[in-house]
Amino acid sequence: MTVLSGATWLAWRNNRQAAVIGGVLAFGVAAALVVVAILEIAQPTALVHTMSTAFQPLLIGAPAAAGVFMGAPLLSADFERGTHRLTWTQGMTRRHWAAANLSLLIALSALAAAVMSVGAQIWIVHLPNTFDSTWGMYDLQAPVFFSYVLFAMALGAAAGAALRRTVPAMAVTLGIFIAVRVAFAELARPHLLPTITRVVVSGTGNNSVVPPGAGYLDATFLDTQLNPLPPGSPIGANTPISLVYQPVSHFWPMQGIEAGIFVVLALALLVAALRFATRDA
């Protein structure tokens, strides 16, 4: 057995309980999503719609939970218990030990993320018309959902390697993950691709001007000179409105761009985790 394979085996042995639990949960959620999707087709009752609604917050919180409960303890638990010192005296270098743990983490998290992403995508495709299955489910689509899980796991591993304490690493992981996700959605996502601006007149049927499936970003009331009205200005029946939106054709390209950004961030965090884990205490 080589040093690397021995390190991989040790990493699995130390983390197999969390890995098995995480895998069971991922496959269980994916299976439940597929079942609900089938029910939406065969028997779309109010109970089934309620189940579909309940899955939204569950899936939104899943990447953060993975980073907090699986990513953060990966390296920090060994540092906290001091067992990393024993490992380093058994003919295994710090880099091999850290690389094996991080490789196992990214492989298992990628598998779990892929399984849940497929389940979520099947569920989204079969949602009834009462749900906005495009922009309203943007954060749950397969490409970005997959990337969020990888990012959260890598962030947790980096925080654990840097702080070397499990509970603080979990708290930092959750805080940074939420901050990055919210900041990206509010500040970066609207500018991933050029937006379209249309000026329409209120009360004339905006749906005939803005294509179906567009993602609204902003609506601003204008004066007769097409300048933004000050807050509190009276709004008449023929007040011009500036509509800024992303066309439906931008949806999947934006998914790919955002997913790529978060995957790159995840890779950078894994490199940082490796450096943090191999530095002297």
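Summed over the stretch 216-230, residues that are polar (S, T, N, Q) and either assigned to a strand (DSSP E or B) or in contact (Cβ under 8 Å) with a residue 60 or more places away in the chain (or both) total 1.
Taking the stretch 127-171 as the range and being buried (at least 18 other Cβ atoms within 10 Å of the Cβ) and touching an Asp or Glu at 6+ places or on another chain (Cβ under 8 Å) as the test, the residues that pass are LEU127, PRO143, VAL144, PHE145, SER147, TYR148, ARG164, THR166. Among the conditions (1) buried (at least 16 other Cβ atoms within 10 Å of the Cβ); (2) modelled with pLDDT under 90, ALA66 misses just one, which is (2). For ALA183, the test of being surrounded by fewer than 12 Cβ atoms within 10 Å (Cβ to Cβ), among the small types (Gly, Ala, Ser), within 30 Å of the chain's Cα centre (by Cα) and not in a strand (DSSP E or B) is passed.
The values are calculated or read from the model by the stated rules, or taken from the named source; none is laboratory data. Quick caveat: nothing in here was measured; it's all calculated off a predicted structure. Cβ sites come from the backbone with ideal geometry, for glycine too, and all protein chains shown count toward neighbours.
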